[in-house]
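The values are calculated or read from the model by the stated rules, or taken from the named source; none is laboratory data. Just so we're clear, the structure is a prediction, and the values are computed from it rather than from any experiment. We place every Cβ from the backbone using ideal geometry, glycine too, and count neighbours over all the protein chains shown.
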Amino acid sequence: MEKLLYTIEPNNHNEKDLKFILNNNRNIKFISLMGVDLGGNATDEKIPVNLFLEDISGFLKSAIQTDGSSVELYNIATLNNAKVDLMPDVDCKWYVDYNFEHIDEELNLPVGTLRIPAFLIHENKKVCSRGILKKSETYFKTSILKLFKEYPNIIKNIGIEDISNIEDIILTSATELEFWVNTPEDKADLEKLYVSQSLKEQYWKRTHGIIRTCLEKTLIILQDIGINPEMAHKEVGGINSSISIDGKTNHAMEQLEISWKFSNPLQVADNELIVREIIEDVFTSNGLEVTFKAKPIYGVAGSGEHVHVGVSAKLKDGSIKNLFAPKDMTKDYLSEIGYGALMGILNNYEVLNPIVTSSNDGFNRLVPGFEAPVCIVTSLGHNYEVASRNRSVLVGLVRDIKNPKTVRLELRSPNPLSNTYLVIAGCYQTMLDGIKAVAKSGLSTKDLEKELSKEVGQESFYLEKDRAYRDENDVFEHYTLQERNCRFSVPPATVYENMRNLKNYEYKLNSLKQGNVFTDVIIDSFKMGAIDKWVKELENRIIHDHMETVRSCVKLHNKENMDALDEVAWNAISEIKFNIMKDTLTRKSLFTNIRESIANKDYEVVSKLQLQLKKEMKEIQELYVQYSKNIY
């Protein structure tokens, strides 16, 4: 496969080069424009390459018309105003997606589709995730330079004498992708999975068999397309697969992680979509199922997608200065700019969180324990010289005292199906809000460290008075639930509660809306989409799945093998079953109450009932496991 072309770089996005490249790679048969809507869904349509070659310049300069029925743009692409155009992005890397199951017989090469990232245009405005992230990048860079002119001390303190020495501002981001792999139709052995996780039997263990082969194939393809994978390994979840007599893998159920090199924010988000597609193609073509759900298996570690963000300045002498790194790594955790960025995310997280977690699946992962962050808190380290990497906090500080270039922030709450474009854009918007506040305050790094380390009830120039924001303890083990809620605020527990914060903390929305990056129209569209998907999934999928679970809890004991303990346990299970799904002439079941509240659009009630349902489903499953164990 050495003959295969995998990428076309921006400097080749012109008619002459593209004609030469495509005419010399005749197995590339199709063009596809990859626009990304507000739900994070990428478009994919096949355009014969011959049509593209007929008028390349016209294709790149004018948008391809479509309609809003195929993209998630609530209240934007409406029934009476559905025209949405796809505009190719000529400033980013283009990828070739190969179908290794479809071989061109003449060339004996797989048929390829040139994936061209694009912008979704509605009424001459970019209304897509890619457009928002690109606008955020531009606004952050121009704003930070203006800030340096107005408050030059914040760059002098990190060793940049004058703004004229700065050639460019560089934004760097990265994600880490976790996912589950299993053989089709396998049912999870929850007890085995839980025990294996508790013993950490799978974490960083050697892969073998078909899973090892698929992982290696994936890494090789990622290298070929220039995404530059850095590491792949087993995660904490999973159980050992078995091998059949003919050498095939049976009963595989493993959690894996792949990470790759940093890049600019837009390229990182594009890369992630491509990586997910490659993983799915490789594993499914080898008879395995892949899921990027945040919590595919109840009671077992879910999958996260930590998002890393950093900012540097390229100086005219060619050197790079990390703007988050302090002048002396042995005397400070962060620079003034770094403290501002960290405070910005923490202080505005109530309006960033709806973007990060907008699905039922995402909230299933955000449960105390399993290293899933639910508290708005950070950790800096136990001292300046030794990094601690507290895994229980929302935003981690990544730093290596020997290498200031590595200093960055790690948002630990996103999951693999979070909209990475909007998450990264939101991070840079909220970081900029904090950096502006710190620059205006004139506080030193020592003062800022004290501000961030403040106790509940202490006043702050920027952070909220009645909260704490820094903690070096394991916040799940060190505090009770009540103590956590008092120190770090009560986290939202449903999609509705999260979206409601956009109204409750409306004054914090300015951090997202600065520079007209997230507009009211975009925010309202995203919110409407999240609510719509929340209730539809709850009514049509979650209730159906729970119904099957409840029905599977059947009576196992009889007069010959029973004890009074079994009868008591079964009666408790039966009562919960009855409450969850059985209507009578005098009362309605929990399922019926949820459906009726959805029909009435009483989402406050729906949210409360969903939490009650979640509690009762957890209880009935735990009771049934214990009941089953006592039946011989």
Residues of region 581-599 being under 23 Å from Ser552 (Cβ atoms), without any contact (Cβ under 8 Å) to a residue 12 or more places away in the chain and outside any loop (DSSP other than H, G, I, E, B), in sequence order, are Thr592
Please enumerate the residues belonging to region 84-121 that are of a type in the set (Ser, Thr, Tyr) and closer than 24 Å to Ser62 by Cβ. Tyr95, Thr113
Subset of region 465-484 (residues that are of a type outside the set (Gly, Ala, Ser) and surrounded by 14 or more Cβ atoms within 10 Å (Cβ to Cβ)): Arg467, Tyr469, Arg470, Asp471, Glu472, Asp474, Val475, Phe476, Tyr479, Arg484
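Residue-by-condition table, conditions (1) under 27 Å from Glu350 (Cα atoms); (2) touching a residue at least 40 places away in the same chain (Cβ under 8 Å):
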position	(1), (2)
Thr519	yes, no
Ser525	yes, yes
Trp534	yes, yes
Arg541	no, no
Met547	no, yes
Going by what's in this entry, would Lys3 be described as out of contact with any helix residue (DSSP H, G or I) (no Cβ under 9 Å at 6 or more places or on another chain) and either modelled with pLDDT under 95 or part of a strand (DSSP E or B) (or both)? yes
Of the candidates Asn108, Asn81, Asn99, the one satisfying the condition of being touching a residue at least 40 places away in the same chain (Cβ under 8 Å) and more than 24 Å from the chain's Cα centre (by Cα) is Asn81
How do the strands (runs of 3 or more DSSP E) wholly within region 59-111 filter down when requiring 1 or more residues that are outside the structural domain of Lys19 (by TED's automatic domain parsing) and in contact with a strand residue (DSSP E or B) (Cβ under 7 Å, 6 or more places away or on another chain): which remain? none
Being surrounded by 15 or more Cβ atoms within 10 Å (Cβ to Cβ) and small (Gly, Ala, Ser), is that true of even one residue in region 54-62? no
So which residues in region 418-456 are in a loop (DSSP other than H, G, I, E, B), closer than 23 Å to Ala325 by Cβ and of a type in the set (Gly, Ala, Ser)? Gly442, Ser444, Ser453
Looking at Asn157, is it surrounded by fewer than 16 Cβ atoms within 10 Å (Cβ to Cβ), modelled with pLDDT under 95, of a type in the set (S, T, N, Q) and out of contact with any strand residue (DSSP E or B) (no Cβ under 7 Å at 6 or more places or on another chain)? no
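For (1) over 19 Å from Tyr339 (Cα atoms); (2) modelled with pLDDT of 90 or more, each residue gets a yes or a no:
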site	(1), (2)
Lys126	yes, yes
Ser136	yes, yes
Ile163	yes, yes
Thr172	no, yes
Glu178	yes, yes
Lys187	yes, no
Given the criterion of a type outside the set (Lys, Arg), touching a residue at least 60 places away in the same chain (Cβ under 8 Å), in the same structural domain as Ala387 (by TED's automatic domain parsing) and farther than 18 Å from Gly310 by Cα, identify the matching residue among Ser335, Ser359. Ser359
Answer with yes or no whether Lys321 is surrounded by fewer than 23 Cβ atoms within 10 Å (Cβ to Cβ), under 21 Å from Ile160 (Cβ atoms) and either in contact with a helix residue (DSSP H, G or I) (Cβ under 8 Å, 6 or more places away or on another chain) or not aliphatic (A, V, I, L, M) (or both). yes
